[in-house]
Structure formats: C-alpha cells, structure tokens
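Q: What follows is a single structure, and I will ask about it in a moment.
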Amino acid sequence: MGNCQCFEGFGLASKKDSFKVCICGGATSIGQQLALLMATNTFVKELSVYDLEGSMVPAEGVAADLSHLEFPCRVKAYSLPAQARPVKDLPAACLEGCSLVLVTAGVPRKPGQSRKDLLQVNAGIAKLVVEACAKRCPEAIIGLIVNPVNSVVPAMARLYEKKGLDPRRIVGVTTLDVVRANKFVYEATGAPVDSINVPVIGGHAGKSVLPLFSQEKACAELSLEHRQFLDQRVQDAGAEIVKAKCGKGSATLSLGYAGYLLGSAVLNGLAGNRTTECAYVKSNVTELPFFASPVTFGPRGVDRVHQLPRLDTYETERLKEAKQILQAEITMGLEYAETTD
Ligand code: LMR
C-alpha cells in the first residue's frame, strides 16, 4: 500500500443501482460537508475520502465518523503525503470503479482576492487529481469545485481531450449560484421555496454569473430594479461570505450542499432517472466553448446541454457582458492547458 494510510469502515452495499464515489479533498471544510451529504445518498455504495496527510482532520477520521451513519454506503479513506503524486502514489482502489469524482481540493480566496488569483495554484492541484482519474477511472464524471471554475474547467477538459478522453466528463459545479438565486427570490417573494428554480447561466465569477429571473414565475411580481439588485447580489454572494469569514475562508457549507445537488443529479442520471441541474461544461449553446446552462444527466453522464430560453431585454444585455468576461477566463484556462505538461 506504499505510503498510503487506509481506513475502512463497513457498511451494506446492497442497492442495484449503486455507485462508487470519490471526494478528493474529503477532509477539507467543503469536503467534509460534501462527504457527509453524499454518504446519505442511497445511490452511493462506496465512498472514497481522499486527502493529504496533515489536513485539518485526517481523512481516516472523516471516514471513520461517516462509517457510523445508518446508510448502505461503505466508506474508505486514502491519504498521501503532500509531496506525493496521486497518479502514481494513490492506491488504485481509491479511484478504480468510481462513477463520480467530486474535487474540492484547492486554496480558498482571501478578502480582496478574486477567484482568478487562485488559477496557478488550484489548477496545479486539480491537474494532479484529474490525471489520476484519467488513468484509474476515465469514464467517471469529474465534478470540479475548484476556483476559478471559469478557467480550471476548460483547462482540465482540454487536458482530457489531449489524452483522447471525453472532455464532457469534466463538469464545473455552479449549482451554488442557483441555490443562492432561489433563496434570494424566496426571501423577496415568499413563494414556496421548493417551487422556485432560477436557471443561472454563464460562469461562476462576478459578472459572468447570469441568473435568469425571467424564467421563474415567482419573479413576475418583482420590478426590474429589484431583479437587478438580486442579480448583483448573486454575483457578489461568494465575496459576501469571504468578508463574513474575515480572511478565514470562503463558502464551505453552502458549497458542500451545492456539490451534493450536482453529485446527486449525476448519480440519478446514471441510474436512469434523467435529472437536470445547471452546470459549466463544454458547450455549443453560445459561441463560447464552455458555458454554464441547464444540463440533463443521463445513464452516460452529460446527456443534453440545453439551449438558452428567450431572455428579456435586461438579460440580453447582461449576456453580452457575461460572455466577454467569460471568454477571457476560458482563454486563460486553455492557455494553462497548453503551457503545462
Ligand atoms: C463561492 O461562490 O462562494 C465560491 O466560489 C467561493 C468564493 O471564492 O467565492
């Protein structure tokens, strides 16, 4: 087992449509929330919790804790020293057989930083994991919760393409923008929260985030000014949390929840129950090669990337602005992929 430490907790793996899932960065603040929620998903028969040694809690401790939950899932931990290379040092058992890998690894931004400032560091971390997936579970869907999502997803999808693998296996998690938009509309309208579904398109940073309030009937009662205010609030929501955490991190609880929604949609789809969530993927919905929009997940992963609905005048103008910003960030990601080996 080399330098890997491994904890195994036993559970019952009995369900027919059941899948193996790995959480990379499973001992981080986001990773622990995500691992907890995924362990309660009855489609998950086995959960690999992978993190580096010296993380805030050992991956073995996270797995031991989760292994007591009364769900069928079997939880196993894998940890490596910081200087290890997952592609050769991570035991094959961590990733082999995985249908879904959720990656939360990477550093959070600090007050005053933009997500773009994290590109070199976080793309480097994501690349190590993505290369290990390319070797051990090339058919798995890889959900990236790694900022800057707008650049890291194109970079990793391009790396997959260069290896002859399907770039649509790489999915950027933008569900948090939808969660936020839904909650803010609920607060503004009082409409039943579980009936609200605001598609959020574009990307996951600043003005590239475009909530389509025109598509949610509860918003019909809101003035244009109110929608503009909510649009701005969704764009700034990540920074709102960075500020509230006073330099001690960014969103973790809500981001773990959002990752769980995306992960559950993927597993539902794999089990034959086609499910739609917004996600940032290789796309031909606009002239940009990557774009967030509603995506239907099916038995083979990404099944359908939906075309955009008819936007209102405000959203049409905002889309132009979002695309301009997103294009520059996609280019940064693709350049990263071309300039690293
Ligand atoms: C978020 O939207 O909360 C995350 O992308 C974290 C961040 O840096 O804002």
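The values are calculated or read from the model by the stated rules, or taken from the named source; none is laboratory data. Everything numeric here is computed off the predicted structure, so don't read it as measured data. Please note: Cβ atoms are built from the backbone with ideal geometry, for glycine as well, and neighbour counts cover all protein chains shown.
Q: How about the range 207-240: which of its residues are within 22 Å of Leu253 (Cβ to Cβ), within 14 Å of the ligand (Cβ to nearest atom) and either in contact (Cβ under 8 Å) with a residue 60 or more places away in the chain or assigned to a helix (DSSP H, G or I) (or both)? Quick ask: steps written out before the conclusion?
A: Initial filter on the range 207-240 (within 22 Å of Leu253 (Cβ to Cβ)): 209, 211, 230, 233-240.
With the extra rule that they be within 14 Å of the ligand (Cβ to nearest atom), the set shrinks to 209, 211, 233-240.
Val209, Arg233, Val234, Gln235, Asp236, Ala237, Gly238, Ala239, Glu240, listed by residue number.
Q: Suppose the filter is in a loop (DSSP other than H, G, I, E, B) and touching a residue at least 60 places away in the same chain (Cβ under 8 Å); does Lys127 pass it? Quick ask: steps written out before the conclusion?
A: Values: in a loop (DSSP other than H, G, I, E, B): no; touching a residue at least 60 places away in the same chain (Cβ under 8 Å): yes.
For Lys127, the condition - in a loop (DSSP other than H, G, I, E, B) and touching a residue at least 60 places away in the same chain (Cβ under 8 Å) - is not met.
Q: For the range 252-270, what are the residues that are in contact with a Leu (Cβ under 9 Å, 6 or more places away or on another chain) and within 12 Å of the ligand (Cβ to nearest atom)?
A: Selection gives Ser254, Leu255, Gly256, Tyr257, Ala258, Gly259.
Q: Shifting gears a bit: Return yes when Gly249 is on the phi > 0 side of the Ramachandran plot, at pLDDT below 95 and either within 16 Å of the ligand (Cβ to nearest atom) or in a loop (DSSP other than H, G, I, E, B) (or both) and no when it is not.
A: Details: on the phi > 0 side of the Ramachandran plot: yes; at pLDDT below 95: yes; either within 16 Å of the ligand (Cβ to nearest atom) or in a loop (DSSP other than H, G, I, E, B) (or both): yes.
The answer is yes for Gly249.
Q: On the basis of being hydrophobic (A, V, I, L, M, F, W, C), in a helix (DSSP H, G or I) and within 13 Å of the ligand (Cβ to nearest atom), does Leu176 make the cut? Break it down into steps so the answer makes sense when it comes.
A: On the way: hydrophobic (A, V, I, L, M, F, W, C): yes; in a helix (DSSP H, G or I): yes; within 13 Å of the ligand (Cβ to nearest atom): yes.
Against the criterion (hydrophobic (A, V, I, L, M, F, W, C), in a helix (DSSP H, G or I) and within 13 Å of the ligand (Cβ to nearest atom)), Leu176 qualifies.
Q: Could you list, ordered by first residue, the pairs with Cβ atoms under 8 Å in which the first is in the range 152-167 and crowded, with 22+ Cβ neighbours inside 10 Å and the second is among the polar types (S, T, N, Q), at least 6 apart or interchain?
A: Once the first residue is crowded, with 22+ Cβ neighbours inside 10 Å and sits in the range 152-167, its partners that are among the polar types (S, T, N, Q) give Val152/Asn122.
Q: Separate question: When you go through Val130, Val103, Val62, Val75 one by one, which is the residue that is more than 24 Å from Ile170 (Cβ to Cβ), at pLDDT 95 or above and touching a Leu at 6+ places or on another chain (Cβ under 7 Å)? Even if it seems obvious, please write down each step before you answer.
A: Working: Val130 fails: more than 24 Å from Ile170 (Cβ to Cβ); Val103 fails: more than 24 Å from Ile170 (Cβ to Cβ); Val62 fails: touching a Leu at 6+ places or on another chain (Cβ under 7 Å).
Among Val130, Val103, Val62, Val75, only Val75 is more than 24 Å from Ile170 (Cβ to Cβ), at pLDDT 95 or above and touching a Leu at 6+ places or on another chain (Cβ under 7 Å).
Q: Which helices (runs of 4 or more DSSP H) does the range 51-113 wholly contain that include 3 or more residues that are within 19 Å of Ala140 (Cβ to Cβ) and among the hydrophobic types (A, V, I, L, M, F, W, C)?
A: Filter on the range 51-113 gives 92-95.
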